[in-house]
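Every number in this text was worked out from the coordinates using simple rules, so none of it is lab data. This is a predicted model, so every value here is computed, not measured. Every residue, glycine among them, receives a Cβ derived from its backbone with ideal geometry; neighbour counts consider all protein chains shown.
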Amino acid sequence: MFELVFLGTSASAPSIQRGLSAQVVIYKQYRFLVDAGEGTQRQILKSGIGFRRLDKILLTHGHLDHILGLGGLISTLARWEAMDAIEIWGGRSTLNRVHDLIFGVVLRGARAPVDIDLYEVKPGTLMEDDDLRVSAFPVEHRGADNYGYTFEEKPRRPFLNDRAEALGVPRGPERRQLVEGKPVTLPDGRVVRPDDVLGPPMPGDKLCITGDVGDAKKLAPYIANATALVTEATYMHHEVELARHYGHITAREAAELAAENGVQHLFLTHISRRYRERDILEEARAVFPNTTVVRDLDHFLIRSGQPVEKLEG
């Protein structure tokens with residue numbers, strides 16, 4: 001189960017209703033900020049999620065509408081928040097620009113109050129624990145080193161309460177041991193093994209965020225069977241040639257990508273001021289009905305096999 005908070009949803013430049021690209025992924029104790037367009041720290045405050053534990057920043061690419069908010073945000077995090085370190089992940093060219101922004105403009109040679117660690121992204125796994133894997137995949141857009149990110153729960157075996165009751169496994173630490181894959185010995189000497197009370201492995205939730213995209217079809221291997229896909233809809237399809245010229249895709253193409261690859265729900269962001277929201281939604285839903293055109297501060301709960309739930313406040 002993931003929470004997804006959209007902080008900025010506009011394309012290229014802010015509008016009255018929409019800020020620049022940024023979203024937060026929340027999973028258990030983790031919080032990941034994906035992109036940080038201008039005004040991101042103010043949007044974090046307005047969203048109500050606050051800055052706590054927001055120490056991992058993943059950048060899709062180095063265009064200013066996706067990174068310019070890092071300056072103020074890093075300044076705030078480094079001075080006000082109790083963090084040991086801030087991690088910033090991105091492609092090499094993206095990190096070069098980020099380095100100039102933070103160390104050349106914000107800090108100007110001064111030592112940061114906390115460690116600011118820059119990690120170069122390559123395709124593949126970036127970080128993982130027992131429950132979660134975060135990986136990067138290449139995305140075609142203008143320039144080099146563009147990446148999307150996948151947040152994926154590892155497969156898990158459900159605990160079968162009926163079997164546990166039938167075997168006389170008491171509630172408490174014994175059941176926890178079985179979930180952890182360890183056998184337990186009951187008071188009467190019987191040994192209960194994990195296979196006795198655990199069902200077959202079930203895939204976890206999968207959330208994919210692409211950033212800006214120049215060719216949707218190349219993303220198919222990476223976003224297949226995603227519980228939710230977040231991608232751009234900068235153009236409508238009657239201007240597909242213009243979209244190609246600027247390295248973007250259309251709402252219809254985003255919907256086709258979702259429809260052809262087993263995606264459960266599609267979130268469209270990076271919305272241009274040149275279109276009405278309802279027209280973008282109509283174009284996409286004609287191909288893929290489970291589509292939402294997101295707005296700033298929208299907050300969703302994402303669970304496999306269940307309708308996306310919009311959270312209030």
So which GluC sites (Glu not before Pro) in the range 131-207 end up in coil per DSSP with only 12 or fewer other C-beta atoms within 10 Å? E180
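Report for the chain the percent antiparallel among DSSP-assigned beta bridges with both residues inside it, nearest 5.
55 percent
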Let's see if you can work this out: charge +1 on each Lys and Arg Cβ, -1 on each Asp and Glu Cβ, no other charges. What is the dipole magnitude of the chain about its Cα centre, in debye to the nearest 20? 400 debye
The summed charge of the S93 Cβ neighbourhood (under 11 Å; Lys/Arg +1, Asp/Glu -1) stands at 0
Let me see the P(r) profile for the chain: every Cα-Cα distance counted, bins of 20 Å, each bin given as a percent of all pairs. 32, 50, 17, 1
Listed residues T231, T76, T210; largest mean-square fluctuation, Gaussian network over the chain with Cα springs below 10 Å, found at T76
At q = 0.11, 0.17, 0.22 1/Å the base-10 log of I(q)/I(0) from the Debye formula over the alpha-carbon atoms of the range 21-144 is -0.35, -0.87, -1.47
Phi-based couplings in Hz for the range 51-67 (Karplus 6.51, -1.76, 1.60; Gly and Pro marked x): 9, 4, 6, 8, 10, 10, 10, 10, 10, 6, 6, x, 5, 4, 5, 10, 10
Would you mind checking which residues have amide H under 5 Å from I86's amide H? H placed 1.01 Å from N; only 5 or more apart, or other chain. D115, I116, D117
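Of all DSSP beta bridges located in the range 74-189, what percent are antiparallel, nearest 5?
Given both bridge residues lie in the range 74-189, the antiparallel proportion sits at roughly 65 percent.
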If amide H atoms are modeled at 1.01 Å from N in the peptide plane, then the residues at a separation of 5 or more from A226, or on another chain, having amide H under 5 Å from its own are V263, Q264
Spelling out what I want: for every residue of the range 22-38, take phi, set θ = phi - 60°, compute 6.51 cos²θ - 1.76 cosθ + 1.60 (Karplus), and round to whole Hz; glycine and proline get x. 5, 8, 10, 9, 10, 9, 6, 7, 9, 9, 10, 9, 9, 6, 8, x, 3
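What order do you get for W80, W89 when you list them from fewest to most C-beta neighbours inside 10 Å?
W80, W89
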With every atom except the alpha carbons ignored, what do you get for Rg and Dmax of the range 236-311, in angstroms? 12.8, 38
Calculate the all-directions average of the projected area of the range 67-126's alpha-carbon convex hull, and give it in nm². 4.2 nm²
Quick one: putting +1 on the C-beta of Lys and Arg, -1 on the C-beta of Asp and Glu, what dipole do you get for the range 60-181 around its Cα centre, in Debye to the nearest 20? 100 debye
Gaussian network model of the chain, Cα within-10 Å springs - most flexible of A224, A251, A164: A164
Under 8 Å for C-alpha pairs, at least 6 residues apart: give me the relative contact order for the chain, rounded to a whole percent. 17 percent
Among residues other than L198 whose Cβ falls under 10 Å from its Cβ, what is the net charge (Lys/Arg +1, Asp/Glu -1)? +2
So if I take the centroid of the Cα atoms in the range 235-269 and the same for the range 164-212, what is the distance between those two points in Å? 41 Å
Per residue, what volume in Å³ does the Cα convex hull of the range 1-87 take up? 93 Å³
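Can you tally the net charge around K217? Count Lys and Arg as +1, Asp and Glu as -1, for every other residue whose Cβ sits under 12 Å from the Cβ of K217.
Numbers: positive: K218; negative: E140, D215, E253, E256, E260.
Around K217, the surrounding residues sum to -4.
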Give me, ordered by chain and number, the residues 5 or more places off G148 or on other chains with an amide H under 5 Å from its own placed amide H. F137, V139
